[in-house]
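All remarks here apply to the structure that follows.
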Amino acid sequence: MSTLTNLYKSKLRTPEEAVKVVNSGDQVNYNHFAMSPKALDAALAKRAGELKDIQLKGVMQLYVPQTVLADLKQETFFYHSGYFSPFDRALSEKGLCHYVASNFGFTPFIARRGWSRPADVFMTMVAPMDKYGYFNFSTTCSETMALCEMAKHIIVEVNEKAPVALGGEQHCIHISQIDAIVENTEPLFVIPSEFEASEEEKKIAQLIVERLKDGDCLQFGIGSLPSIIAKLIADSDLKDLGIHSEMMADSFVDLYEQGKITGNRKIMDKGRMTYTFAVGSQRLYDFIDHNPACAIYPVDLVNMPSRIAMNDNQIAINNAVAVDLQGQVSSESEGFKQISGTGGQLEFTLGAEWSRGGAAYICMTSTTMHKGEKVSRIVPYFSPGTIVTCTRGTVSNIVTEYGVANMMGKPVYDRAEMLINIAHPDFRDDLVKAAQEQKIWTKSNKIL
């Protein structure tokens with residue numbers, strides 16, 4: 001029996017045995033997205049009432065942690081999230097989940113510099129150990145190695161269904177660095193690969209796709225808008241596209257298999273799709289497994305604006321909740337209500353704008369429904385508590401179904417007028433009045 005096999009067996013525990021390392025007052029961090037350690041979470045939940053003051057932190061958990069459900073009074077577990085999933089958002093409405101604010105690309109720095117409390121125990125799902133004794137971090141590289149470096153104890157939850165994500169660096173950990181191993185054979189968390197786009201979203205997608213060109217390097221995520229953008233690209237004559245994106249999504253798999261994505265014109269990671277995490281269908285996980293066409297990196301590299309800008313023609317496509325007449329973008333809250341997170345939107349917006357031939361698009365339908373009433377997403381000013389994700393000086397293209405407004409370098413009266421022109425017609429008169437009330441003067445010294 002090999003030395004590595006003996007070492008594996010010596011560290012193998014049941015989930016209940018592994019979580020005994022957690023003590024009252026500890027900081028316990030879970031890994032993100034599909035690599036959240038579900039078996040360890042369930043085992044730790046059984047210690048509710050026994051332990052006190054456990055600070056839990058995850059990012060966009062794809063299920064409701066059992067630890068939270070086991071302790072609704074938060075006497076044992078106090079749960080935080082760095083980006084709200086729908087589950088986190090629902091918990092937040094009940095005071096059971098607390099947001100940790102940061103740009104996603106900063107998170108490894110935050111961990112390594114001690115700006116956040118280091119984990120006493122870090123738990124992550126991983127792919128099975130290879131013949132050299134390494135466990136691949138699979139679908140979530142992001143800040144995983146940074147969290148491991150700073151943690152006192154590391155527990156890995158080995159899942160034979162987790163794909164091996166080939167990468168550039170910091171995408172695996174050696175058995176000698178971990179304290180305990182548990183095993184889990186449950187399927188990974190999946191989310192739908194098909195989304196129904198509205199007519200407004202189809203118009204937005206068309207406006208963006210008609211601006212794309214051969215060799216563009218793309219960043220977008222998941223949802224109905226990216227899905228319809230991918231379909232329009234598939235039906236177009238575009239070719240030799242590249243990928244440098246925070247997220248690897250099913251849409252990229254479709255485009256790769258249709259021959260649209262080659263990465264041949266990329267400067268960085270030529271011929272490879274660069275990303276820091278993957279969330280999607282089982283087909284997506286099967287695609288990235290040992291696939292040399294994909295390159296996973298930690299998020300401080302993927303989301304670094306200067307690195308993003310190294311690829312020519314970088315295109316960033318992101319969503320917004322609302323935009324005010326100054327061109328400020330809110331993409332994560334409705335007033336005081338946190339609905340998602342900062343993520344990497346600002347970082348990719350800057351990186352794409354700095355890229356030679358690049359462009360950043362902030363997209364939203366012109367209206368949404370709020371408490372049964374149609375309201376404009378372009379607003380005179382934000383309601384109290386609204387979080388500004390991108391400041392007015394960092395935003396270029398705002399897109400609705402009525403057009404594209406390029407904000408960059410424009411005086412405030414041009415910005416307001418351009419935004420009013422892409423607002424829903426039902427709200428334009430009110431927005432003009434709001435601009436007048438704000439004394440947004442034109443170059444002729446007249447109020448807009």
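Out of the residues in the range 37-72 meeting the condition of being without any contact (Cβ under 8 Å) to a residue 40 or more places away in the chain and of a type in the set (Val, Ile, Thr), tell me which one is nearest to THR139 (Cα to Cα).
For the range 37-72, the residue satisfying everything is VAL64.
In the range 364-416, how many are in contact with a strand residue (DSSP E or B) (Cβ under 7 Å, 6 or more places away or on another chain), small (Gly, Ala, Ser) and under 18 Å from SER198 (Cβ atoms)?
2
Go through (1) within 21 Å of GLY344 (Cβ to Cβ); (2) part of a helix (DSSP H, G or I); (3) in contact (Cβ under 8 Å) with a residue 60 or more places away in the chain and name the single condition ARG283 misses.
So the condition that ARG283 fails would be (1).
Would a scan of the range 45-53 turn up a residue that is at pLDDT 95 or above, in a helix (DSSP H, G or I) and touching a strand residue (DSSP E or B) at 6+ places or on another chain (Cβ under 9 Å)?
Yes, the conditions are met somewhere in the range 45-53.
Looking at (1) in contact (Cβ under 8 Å) with a residue 60 or more places away in the chain; (2) among the aliphatic types (A, V, I, L, M); (3) crowded, with 24+ Cβ neighbours inside 10 Å, can you tell me which one MET304 breaks?
(3)
With the requirement that a residue be over 13 Å from GLY263 (Cα atoms), of a type outside the set (D, E, K, R) and assigned to a loop (DSSP other than H, G, I, E, B), what does the range 199-237 give you?
LEU212, PHE220, GLY221, ILE222, GLY223, SER236
Taking ILE229 as the residue in question, decide whether it is among the β-branched types (Val, Ile, Thr), in the same structural domain as ILE308 (by TED's automatic domain parsing) and touching a residue at least 60 places away in the same chain (Cβ under 8 Å).
yes
Of the residues TYR402, TYR413, only one is at pLDDT 95 or above, hydroxyl-bearing (Ser, Thr, Tyr) and either assigned by TED's automatic domain parsing to the domain that holds LYS213 or closer than 30 Å to ARG89 by Cα (or both); which?
TYR402 is the lone residue from the list that is at pLDDT 95 or above, hydroxyl-bearing (Ser, Thr, Tyr) and either assigned by TED's automatic domain parsing to the domain that holds LYS213 or closer than 30 Å to ARG89 by Cα (or both).
For every residue, the table says whether it meets (1) under 23 Å from TYR132 (Cα atoms); (2) surrounded by 24 or more Cβ atoms within 10 Å (Cβ to Cβ).
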| residue | (1), (2) |
| --- | --- |
| THR5 | yes, no |
| VAL21 | no, no |
| VAL28 | no, yes |
| ALA39 | no, no |
| ALA45 | no, no |
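Exactly one condition in (1) among the charged types (D, E, K, R); (2) crowded, with 21+ Cβ neighbours inside 10 Å; (3) over 25 Å from the mean Cα position of the chain (by Cα) is not met by GLU401; state its number.
(3)
Take the range 195-213 and flag every residue that is surrounded by fewer than 17 Cβ atoms within 10 Å (Cβ to Cβ) and more than 20 Å from ASN397 (Cα to Cα).
Matches in the range 195-213: PHE195, GLU196, SER198, GLU199.
Any idea which of (1) more than 20 Å from GLY263 (Cβ to Cβ); (2) in contact with a Ser or Thr (Cβ under 6 Å, 6 or more places away or on another chain); (3) among the polar types (S, T, N, Q) is the one THR185 doesn't satisfy?
Unmet for THR185, out of (1) more than 20 Å from GLY263 (Cβ to Cβ); (2) in contact with a Ser or Thr (Cβ under 6 Å, 6 or more places away or on another chain); (3) among the polar types (S, T, N, Q): (2).
Can you name every residue in the range 418-434 that is farther than 14 Å from GLN326 by Cβ and touching a residue at least 60 places away in the same chain (Cβ under 8 Å)?
PHE427
Of all residues in the range 258-273 being among the small types (Gly, Ala, Ser) and under 24 Å from the mean Cα position of the chain (by Cα), which is surrounded by the fewest Cβ atoms within 10 Å (Cβ to Cβ)?
The residue in question is GLY271.
Give just the number: which of (1) assigned to a strand (DSSP E or B); (2) over 30 Å from SER376 (Cα atoms); (3) not hydrophobic (A, V, I, L, M, F, W, C) does PRO292 not satisfy?
In the conditions (1) assigned to a strand (DSSP E or B); (2) over 30 Å from SER376 (Cα atoms); (3) not hydrophobic (A, V, I, L, M, F, W, C), PRO292 misses (1) alone.
Among ALA309, ALA352, ALA316, ALA320, which is over 17 Å from the mean Cα position of the chain (by Cα) and at pLDDT 95 or above?
Residue meeting the stated conditions: ALA309.
Table: residues versus (1) touching a strand residue (DSSP E or B) at 6+ places or on another chain (Cβ under 8 Å); (2) of a type in the set (Phe, Trp, Tyr).
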| residue | (1), (2) |
| --- | --- |
| CYS97 | yes, no |
| PHE104 | no, yes |
| ILE110 | no, no |
| ARG113 | no, no |
| MET129 | yes, no |
| THR139 | yes, no |
| SER142 | yes, no |
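Look at the range 1-44 and say how many of its residues are in contact with a strand residue (DSSP E or B) (Cβ under 6 Å, 6 or more places away or on another chain) and among the aliphatic types (A, V, I, L, M).
8
Residue by residue, here is whether (1) among the polar types (S, T, N, Q); (2) in a helix (DSSP H, G or I); (3) in contact with a helix residue (DSSP H, G or I) (Cβ under 7 Å, 6 or more places away or on another chain) holds:
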site	(1), (2), (3)
PHE348	no, yes, yes
GLU353	no, yes, no
ARG356	no, no, no
THR365	yes, no, yes
THR368	yes, no, no
TYR381	no, no, no
THR386	yes, no, no
GLY393	no, yes, no
ILE398	no, no, yes
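The values are calculated or read from the model by the stated rules, or taken from the named source; none is laboratory data. Just so it is clear, the model here is predicted, and its values are computed rather than measured. Reconstructed Cβ throughout: ideal geometry from the backbone, glycine too, with neighbour counts over all protein chains shown.
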